[in-house]
Amino acid sequence: GTETKKGYPDWRVSFAGIGNIHAVRAAHKALAALCVAGREAPHDEKSLFDSEHAAAPNDLEWGAKVEGTGWLSEIRGLLRCAWHVAAAVKRRRARVVIHCSHGWDRTSQVAALAQILLDARCRTQRGFARLVEKDFVAFGHPCAPRLAHGREKGKDASLDQQASPVLLQFLDAVWQLVALRPAAFEFGTGFLVAVA
């Protein structure tokens, strides 16, 4: 959906082209399949790095395969949109409306990422927890259906269609920012893994 121009005389619409929950689910599924490809014994953790059980693609081949999953493109799209929002607020002092079709997934992700870029308090453990509480939980993000925890896959097709690793995607985008500017964050990878 989109808003009408009537209520916003000086506005500019920018479509970000960020994938919906179905695109995110498909990209995550492809990435997960790539990460376990070649493993003969799925419950044997040693086999992940054992050359007898896993193919050892070269860096270029592996990078191309990861890129081919679409996961990193989705992360780039989120970060690009959040950067544009943050730049509009910081540089142009613009008021910004972030809106996706339901207002739960991409809206929460972009708003939270933009706040992380703009506000150092959101880069502390406490501030990050508050940000997730505010922009995901308090705004009604459907955490249970998206995460699909505690239910058997395949029993309810409509619930299966609602499952999507949106929060994991957000955490990956945050991880990218932490990796780029670790000194700007009070937390690191371990904290994000614990949240995930």
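Listed values for segment 18-32 are Karplus-derived 3J(HN,Hα) couplings in whole Hz (6.51 cos²θ - 1.76 cosθ + 1.60, θ = phi - 60°), namely 7, x, 7, 4, 6, 5, 5, 4, 5, 5, 5, 4, 5, 5, 4, and x replaces Gly and Pro. Remark: for residue pairs Lys29/Lys90; Lys90/Lys134; Lys5/Lys134; Lys5/Lys29, the C-alpha separation exceeds 31 Å in Lys29/Lys90; Lys5/Lys29.
Where a number appears in this text, it was derived from the coordinates with a stated rule and is not lab data. Quick caveat, the model's predicted, so the values are computed rather than measured.
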